[in-house]
Amino acid sequence: MAGTIVADTLQDGAGNSTATTNAIKGSAKAWANFGWNGTTTVINGSYNVSSVTRTASGNYTMNYTNAFSNSNYAAAFAGQRYYAPAANMCIMSMPSSTTTLATLPSSISVICQDQAGNQNDSIVVCITCFSN
């Protein structure tokens with residue numbers, strides 16, 4: 001049977017407690033650990049992510065299972081490059097053109113680049129999104 005629990009405070013077995021708003025507003029609303037294996041995009045783990053699409057070399061779009069209520073959310077990301085010469089160097093950013101929105105209620109786009117500004121695929125990309 002489904003039901004609703006209403007509480008002002010959450011407490012663990014050790015006596016630590018927090019307001020329920022901290023758990024609701026402080027929790028990630030979506031996250032994924034994915035990468036390019038040279039052939040396809042592989043999702044290693046995720047929450048509220050339906051798919052990840054590689055749209056071009058070093059360019060990925062993460063689609064949400066349940067869309068956010070708006071585009072005003074925060075995202076944090078990190079990555080590791082797919083190949084040498086500058087192994088492990090991955091500078092990530094969101095697209096900034098007027099025709100490509102980086103954050104939509106249904107998805108987020110990210111670009112992986114090396115230090116010279118060349119778009120390159122990544123073996124590991126981690127994106128976490130927060131929204132209230």
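The values are calculated or read from the model by the stated rules, or taken from the named source; none is laboratory data. Computed from a predicted structure; not experimentally measured. Don't worry about glycine lacking a Cβ; one is built from the backbone with ideal geometry, like all the others, and counts go over all protein chains shown.
The number of residues in segment 11-47 being within 14 Å of the chain's Cα centre (by Cα) and basic (Lys, Arg) comes to 1.
Could you say whether any residue in segment 41-63 is in a loop (DSSP other than H, G, I, E, B), surrounded by fewer than 11 Cβ atoms within 10 Å (Cβ to Cβ) and modelled with pLDDT of 90 or more? No: zero hits. If the condition is being exposed (fewer than 12 other Cβ atoms within 10 Å of the Cβ) and not in a loop (DSSP other than H, G, I, E, B), then segment 64-75 contributes only ALA74.
Which of the residues belonging to segment 115-130 are in a loop (DSSP other than H, G, I, E, B), surrounded by fewer than 18 Cβ atoms within 10 Å (Cβ to Cβ) and not hydrophobic (A, V, I, L, M, F, W, C)?
Going residue by residue through segment 115-130, those that are in a loop (DSSP other than H, G, I, E, B) are 115-118, 120-121.
Narrowing the set further to residues that are surrounded by fewer than 18 Cβ atoms within 10 Å (Cβ to Cβ) leaves 115-118.
Answer for segment 115-130, where residues must be in a loop (DSSP other than H, G, I, E, B), surrounded by fewer than 18 Cβ atoms within 10 Å (Cβ to Cβ) and not hydrophobic (A, V, I, L, M, F, W, C): GLN115, GLY117, ASN118.
Going by the conditions given, is ALA78 of a type outside the set (Val, Ile, Thr), in a strand (DSSP E or B) and surrounded by 12 or more Cβ atoms within 10 Å (Cβ to Cβ)? Walk me through it before giving the result.
Values: of a type outside the set (Val, Ile, Thr): yes; in a strand (DSSP E or B): yes; surrounded by 12 or more Cβ atoms within 10 Å (Cβ to Cβ): yes.
Considered against the rule, which asks whether it is of a type outside the set (Val, Ile, Thr), in a strand (DSSP E or B) and surrounded by 12 or more Cβ atoms within 10 Å (Cβ to Cβ), ALA78 comes out as yes.
Among the residues of segment 1-40, those identified as in a strand (DSSP E or B) and out of contact with any Lys or Arg (no Cβ under 9 Å at 6 or more places or on another chain) are THR9, LEU10, GLN11, SER17, THR18, ALA19, ALA30, TRP31, ALA32, ASN33, PHE34, GLY35.
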